[in-house]
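Peer 1: One structure, as structure tokens, below. Some questions next.
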Amino acid sequence: MIPYGRQEIINEDIEEVKKVLKSDFLTQGPIVPKFEKSVANYCNASYGVAMNSATSALHIACLALGLSSGDWLWTSPNTFVASANCGLYCGANIDFVDINPKTYNMNVDELAKKLEIAKEKNRLPKIVIPVHFAGQPCDMQAIHDLSLSYNFKIIEDASHAIGASYNQTKIGSCSYSDITVFSFHPVKIITTGEGGMALTNDKKLAERLRQLSAHGITRDKSSMSIRPINEIWNYQQTQLGFNYRLNEIQAALGLSQMKRLDKYVSRRQEIAKYYDSQFFDLPLVTPWQLPQAFSSYHLYPICIKESKNQNLQKQIYDILHKNGIAANLHYIPVHRHPYFESLGFKEGDFKESEKFHKKVISLPMFPLLKDSECKKVVKVMTKIFKNN
């Protein structure tokens, strides 16, 4: 079975992990800071804080920016549930901004309209989370301009987008946001097994992120409250935090994988160009790219053009699987999940995201994908449309 995504683990990765296993530190050692610095330097950001998942990083990012009960967080419906759950963890209210039908990312025009209405109702968001779906950056400059007018903070959910660029700057530079979050899950561009990282250019934010991800504990004497001189106080919990730390084993794998990040993105671009050329004559819409953006192609989502066959999407999905191609579906709109429907969301609330869900299929896309496997995907897809 050809998966839709898969990690590459080479001997060099294994050797780096073995070094940690033989060292004095399996956690809270020197490798995590090295990994944080490697990612931050690559993205031209000032600070990186590694965590055990991107979900944890999103949660902590919201807390670090002061999100709490009564506040509003807006994100895209076309994403994994974590992009919205992070706000709920903080007790905030959640809402969504529908997608642009060409980019499948947050629609800036819709965002502008919604902000204008929210201002009148005194319900402006405290945080907006644009999601760089499939590795294509959102139109961040336009979103940042709106943040200056409406005074909201920005967290980039770049779980799909390490290695991508916007306006010739790397995603993760935080040029247009307060915090950027990456994921290192095995199907993502690079992996730490599970893992994530929050990047920022704000020193105080970085300190908050780090403390919140480590139980809310500080060892900084200047931040500790005074205790009796005859008692030993070498750390204090000063706020409610979480154990969201990444360990040394995971960081060693991530640090090794960073050496191949550009190579991985280059191969993904190569596969995308091949698919684009082969699907040109089929009734499909291939991923359109913003001219100022460079995608890392975490996913390759194709959309079926209008068809009288209402079951075509499922038929394609089933035929691909029967032929050993594990296509996937990204995403079921967040607001259509039962939990979010229990919060009051319903079908028809975000029509473009719902239309997209009913016609999208993610085809295999990962660096180890062989040319012969790419050709098999194209052959099966071509045959499907020949028979329909």
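Peer 1: What helices (runs of 4 or more DSSP H) completely inside segment 26-103 contain at least 2 residues that are in contact (Cβ under 8 Å) with a residue 40 or more places away in the chain and more than 30 Å from Pro287 (Cα to Cα)?
Peer 2: Helices (runs of 4 or more DSSP H) meeting the threshold: 31-43, 54-64.
Peer 1: Next question, about the same structure. Are any of the residues in segment 54-62 open to solvent by 30 Å² or more (accessible area, probe 1.4 Å) and out of contact with any helix residue (DSSP H, G or I) (no Cβ under 7 Å at 6 or more places or on another chain)?
Peer 2: Checked segment 54-62: no residue is open to solvent by 30 Å² or more (accessible area, probe 1.4 Å) and out of contact with any helix residue (DSSP H, G or I) (no Cβ under 7 Å at 6 or more places or on another chain).
Peer 1: If a residue must be farther than 15 Å from Val360 by Cβ and either in contact (Cβ under 8 Å) with a residue 24 or more places away in the chain or among the hydrophobic types (A, V, I, L, M, F, W, C) (or both), how many such residues does segment 104-123 contain?
Peer 2: Residues that pass the stated criteria total 11.
Peer 1: If you check Asn309, Asn243, Asn323, which single one turns out to be more than 22 Å from Val131 (Cβ to Cβ), modelled with pLDDT under 95 and not β-branched (Val, Ile, Thr)?
Peer 2: Within the list Asn309, Asn243, Asn323, the selection yields Asn309.
Peer 1: Let me ask you something else. Which one of these does Phe184 not meet: (1) open to solvent by 70 Å² or more (accessible area, probe 1.4 Å); (2) under 19 Å from Leu26 (Cβ atoms); (3) of a type in the set (A, V, I, L, M, F, W, C)?
Peer 2: For Phe184, the exception is condition (1).
Peer 1: Identify, from the list Leu58, Leu73, the residue that is touching a Gly at 6+ places or on another chain (Cβ under 6 Å) and farther than 17 Å from Lys351 by Cβ.
Peer 2: Within the list Leu58, Leu73, the selection yields Leu73.
Peer 1: Let me ask another. Would you mention how many residues in segment 203-231 are touching a residue at least 40 places away in the same chain (Cβ under 8 Å) and either surrounded by 19 or more Cβ atoms within 10 Å (Cβ to Cβ) or in a loop (DSSP other than H, G, I, E, B) (or both)?
Peer 2: Residues meeting the conditions: 7.
Peer 1: Another one. Please go through segment 361-373 and pick out each residue that is in a helix (DSSP H, G or I) and open to solvent by less than 80 Å² (accessible area, probe 1.4 Å).
Peer 2: Hits for segment 361-373 are Ser372, Glu373.
Peer 1: So which pairs qualify, if the first residue must be in segment 322-340 and under 15 Å from Asp95 (Cβ atoms) and touching a residue at least 24 places away in the same chain (Cβ under 8 Å), the second must be open to solvent by less than 10 Å² (accessible area, probe 1.4 Å) and in a loop (DSSP other than H, G, I, E, B), the Cβ gap must be under 6 Å, and the two must be at least 6 apart or on different chains?
Peer 2: Short answer, once both residue conditions are applied: Pro333/Pro77; Val334/Pro77; His335/Pro77.
Peer 1: May I ask you to say which residue of Ile179, Ile127 is buried (at least 21 other Cβ atoms within 10 Å of the Cβ), aliphatic (A, V, I, L, M) and touching a Lys or Arg at 6+ places or on another chain (Cβ under 7 Å)?
Peer 2: Answer to the selection: Ile127.
Peer 1: Take the conditions over 14 Å from Phe385 (Cβ atoms) and among the β-branched types (Val, Ile, Thr) and apply them to Ile332. Does it pass?
Peer 2: yes
Peer 1: Could I ask something else about it? Could you look through segment 327-360, keep only residues that are out of contact with any Pro (no Cβ under 7 Å at 6 or more places or on another chain) and among the aliphatic types (A, V, I, L, M), and pick out the one that is surrounded by the most Cβ atoms within 10 Å (Cβ to Cβ)?
Peer 2: My answer is Ala327.
Peer 1: Name every residue in segment 232-275 that is assigned to a helix (DSSP H, G or I), touching a strand residue (DSSP E or B) at 6+ places or on another chain (Cβ under 9 Å) and surrounded by fewer than 17 Cβ atoms within 10 Å (Cβ to Cβ), in order of residue number.
Peer 2: Selection gives Gln269 alone.
The values are calculated or read from the model by the stated rules, or taken from the named source; none is laboratory data. This is a predicted model, so every value here is computed, not measured. Note that each Cβ is placed from the backbone with ideal geometry, even for glycine, and that neighbours are counted across all protein chains shown. For accessibility, only protein heavy atoms count, side chains too; no ligands or nucleic acids. Shrake-Rupley method; radii C 1.70, N 1.55, O 1.52, S 1.80 Å.
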